[in-house]
Amino acid sequence: MNKPPIIWTNVLFFSLTFLAAVTLVPWYGISYGFTSAHWIAFIGCMFYAGLSITAGYHRLWAHKAYNVHPAIEFIFALGGAFALQNSALHWSSDHRIHHGQVDDPVKDPYAATNGFWYSHIGWMLRDYQGDSYNDYSNCRDLQRNKIVMWQHKHYLKLAIAMNVGLPLVLGLLVGDVWGMLLLAGLLRLVLSQHFTFFINSLAHIWGSRPYTEKNTARDNGFLALFTYGEGYHNFHHIFASDYRNGIKWFHYDPTKWMIRSLAALGLASKLKRTPVERIEKAKAETLMSKTQTRLSKLPLAQDKLTLLQQEYDLLLKKLQNYCSLQKQVLEAKKNNMAKQCEQSALMTQYHELEAAWENQKQAWLALNARLLKASFN
């Protein structure tokens, strides 16, 4: 089978920028040195480019996870051009196809099933998309967005202006244009791009799958450190419209924190959150499937499978009861009945069901751990 033609522009761009970053930046640092101002600018530019992709391209435009003020959209559009990962329209179109056809070696633009190299960067080095490259029929909503279309129309000019102009201005401010072009321009560009690419590659290879095993996406807290919170990828692939990726308070997800901050300032609204019941049910189903698969390979496992099913059914029942009452409590508080609600029998029942659910959850986890441990002995 003949491979699509090589896109030499992309091959040369990625190769030369990488080689320049690993040679010129260290040479300049050793020869002339970088000041704290250089490094502060570098970190600031990294976050600006990175968050414009994660909060803008990804969670806002590709997944419509929240709404934001046009001024913030404009800032994201410029930051996306700064990140140099194609226009928001094209990026979102590719990403929506990825979610709809995840892991399909032909239809998924950066399918992890084609290997690390392909999903990381190889998919951009050959003309795999062919005539469908400019097909944005899955982004008709974005084609009605004036800022998205303005950026798409003027993308090349904006990309050059941002990647040369911003480091140039910063360099003039600190009195070292070349140093700033190398650090906040070149090195920032290479790292920012590859950190995003890690989500398509490493986040589909390395990590855990607590929410679903129907695709290769993984949760990886370490990757989240480099990707502004995007490392919780298994969660994201099953609950793509959630504005969060890291749902625990201790999960490192600066994109989530920024969106929340924008909402607190009145600049973002309609933040979509997946109901707790759906999240917990997905985790329970996945763990149930793992344990069942393991036990089914063992002789005389029927009694254990029956016990597992009984505890699973009880878990879901208590979860449903708890979440149903939780909705009533939230509705009461929303209707300015918070004080009465806190003192009511409804709240007492709510705390009882919450405790029952938590106890059953711990018992369920302990049972799975015990059965899985026994299966390895």
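Results for (1) within 11 Å of the chain's Cα centre (by Cα); (2) of a type outside the set (A, V, I, L, M); (3) in the same structural domain as Leu60 (by TED's automatic domain parsing), shown as yes or no for each residue.
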{"residue": "Gly231", "(1), (2), (3)": "yes, yes, yes"}
{"residue": "His236", "(1), (2), (3)": "yes, yes, yes"}
{"residue": "Arg244", "(1), (2), (3)": "yes, yes, yes"}
{"residue": "Lys248", "(1), (2), (3)": "no, yes, yes"}
{"residue": "His251", "(1), (2), (3)": "no, yes, yes"}
{"residue": "Trp257", "(1), (2), (3)": "no, yes, yes"}
{"residue": "Leu262", "(1), (2), (3)": "no, no, yes"}
Some residue of the range 50-60 being in a helix (DSSP H, G or I), in contact with a strand residue (DSSP E or B) (Cβ under 7 Å, 6 or more places away or on another chain), surrounded by 15 or more Cβ atoms within 10 Å (Cβ to Cβ) and free of Cβ contacts under 8 Å to residues at least 24 places away in the same chain: yes
Which listed residue is under 22 Å from Ile121 (Cβ atoms), assigned by TED's automatic domain parsing to the domain that holds Gly229 and either of a type outside the set (Lys, Arg) or not in a helix (DSSP H, G or I) (or both), from Gly44, Gly79, Gly29, Gly33: Gly79
Residue identified as within 20 Å of Ile53 (Cα to Cα), of a type in the set (S, T, N, Q), in the same structural domain as Gly207 (by TED's automatic domain parsing) and more than 23 Å from the chain's Cα centre (by Cα) among Asn163, Asn86, Asn145: Asn163
Could you tell me whether Asn234 is over 18 Å from Ala49 (Cβ atoms) and either basic (Lys, Arg) or surrounded by 22 or more Cβ atoms within 10 Å (Cβ to Cβ) (or both)? yes
Tell me, which helices (runs of 4 or more DSSP H) wholly within the range 163-277 include 1 or more residues that are among the basic types (Lys, Arg)? 188-200, 254-264
Val11 being more than 25 Å from the chain's Cα centre (by Cα), within 20 Å of Phe197 (Cβ to Cβ) and either outside the structural domain of Tyr128 (by TED's automatic domain parsing) or surrounded by 13 or more Cβ atoms within 10 Å (Cβ to Cβ) (or both): yes
The condition of being outside the structural domain of Val68 (by TED's automatic domain parsing), among the charged types (D, E, K, R) and in contact with a Phe, Trp or Tyr (Cβ under 6 Å, 6 or more places away or on another chain) holds, among Lys297, Lys318, Lys290, Lys304, only for Lys318
Any pair with Cβ under 6 angstrom, 6 or more apart, that starts in the range 109-122 at a residue that is touching a residue at least 12 places away in the same chain (Cβ under 8 Å) and ends at one that is of a type in the set (S, T, N, Q) and in a helix (DSSP H, G or I): Tyr110/Ser119; Tyr110/Asn200; Ala112/Ser119; Ser119/Asn200
State which residue pairs qualify: first residue of a type in the set (D, E, K, R) and inside the range 176-204, second residue part of a loop (DSSP other than H, G, I, E, B) and modelled with pLDDT of 95 or more in any location, beta carbons under 8 Å apart, and separation of 6 or more residues or different chains. Asp176/Tyr32; Asp176/Thr35
Among the residues of the range 53-72, is any touching a Cys at 6+ places or on another chain (Cβ under 9 Å), within 29 Å of Leu186 (Cα to Cα) and of a type in the set (S, T, N, Q)? no
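The values are calculated or read from the model by the stated rules, or taken from the named source; none is laboratory data. As the structure is a computational prediction, the values presented were derived from the model and not from experiment. As a convention, Cβ positions derive from the backbone with ideal geometry for all residues, glycine included, and neighbour counts pool all protein chains shown.
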